[in-house]
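For reference, the structure discussed in these notes is given below.
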Amino acid sequence: MNKIVYQGKGERLDIFMSGFWNVSRNQAQKRIEEGRVLVNGKAGKSNIVLEPGDKVEIAEKKAAKLKAIIPRVDVAYEDENIIAVNKDPGIVVYPDANHKTGTVLDALRSKIGIKGEERPGVVHRLDKDTSGLMVFARNKETEEYLKKEIKDRKFQKTYAALVWGKVIPKEGIINIPIKRSEKNRKKMEASSLGKEALTEYSVVQYYKQSDTRCRICDMTLLKVKIITGRTHQIRVHLSAIGYPVVGDKTYGRKDDMSGLNRQFLHATDLSFALNGKKYKLHSDLPKDLVVFIDSLEVNKE
């Protein structure tokens, strides 16, 4: 392992390593993601800005392959064509640069008959900290059919969302385009330059949190249907109209004092047709969200 004491003027780790290895920046990023670089004894990340005196350790060979982590997955329904699961919060759907293993797909691969693809059977997704129903296809024909149903807006997805504030009017459609943020590529934002995004909502119940620390203690439980399926759509849309999801660390209130350790967003219902059969799947709120709702006071005002 090469050990270097950085003496530059401050540059991103991926840029420095692309020069060291004489490879492209993308290639350097892949090697960094493999765990081949330590900065001051810790695994390096591509966007780290090096400072003079930083100790950079570089392995010339790939890091040992990660041992696969298979999470527990609650299968809600399955037949010869689909598998429906109740995803727990904190689990990502499929492997990516930051999550090599421990995904929902890792737990289901043996049940999916599609081989040779990076994301076999995946027709839609849920954010890491969103819980609820997801459907995976077990064969290629079903995968392609369900993707088309989603594209044609025939695959209905319904969510329960608890938001800050007293939502008025009690029902409506949010029609605000969404695009990826140029400042933070991990975030989305409402923008007239974005793609069409439509979200339908209706009020289920008004609540308030009895906490003297709250500046705005009103909350509203919403039933939300997404007509389009943009990344982070519900969270971006509700934040854009002034009612951010409770517990949302990315698009929510900076002074969120709810005490929730994840966003209050749960996929409750999926409705679609396949091979002449109509599917209507339902998932009750998980225990952590039920406990939180029960701690609130119904607002009858």
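Data for the structure
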item: GNM flexibility winner over the chain from Glu141, Glu182, Glu80 (Cα, springs under 10 Å); result: Glu182
item: Most mobile of Gly102, Gly90, Gly259 in a GNM of the chain (Cα contacts under 10 Å); result: Gly259
item: Spacing of the two label points (7 Å from each Cα toward its C-beta) at Gln27 and Asn275, in nm; result: 4.7
item: Unsatisfied cross-links (Cα-Cα over 30 Å) in the set Lys42/Lys186; Lys55/Lys179; Lys154/Lys254; result: Lys55/Lys179; Lys154/Lys254
item: Convex hull (Cα only) mean projected area of region 86-174, reported in nm² to one decimal; result: 7.6
item: Rough spin-label spacing in nm, given labels placed 7 Å along Cα→Cβ, for Glu297 and Glu149; result: 4.5
item: Cα-based shape type of the chain, given that a ≥ b ≥ c are square roots of the gyration tensor eigenvalues and the cut on a/c is 1.5; result: oblate
item: Cα-based convex hull, region 154-301, per residue volume (Å³, whole number); result: 128
item: Global geometry of region 33-131, whether rounded, prolate or oblate, following the gyration tensor of its Cα atoms and the 1.5 cut on a/c; result: prolate
item: Rough spin-label spacing in nm, given labels placed 7 Å along Cα→Cβ, for Glu57 and Lys140; result: 4.6
item: Sites His282 and Asn98, calculated FRET efficiency, Cβ-Cβ separation with R0 35 Å, nearest 0.05; result: 0.65
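Readers should treat all values here as calculations from the given coordinates under stated rules, not as data from a laboratory. The structure displayed is predicted, hence computed values, not measured ones. Cβ sites come from the backbone with ideal geometry, for glycine too, and all protein chains shown count toward neighbours.
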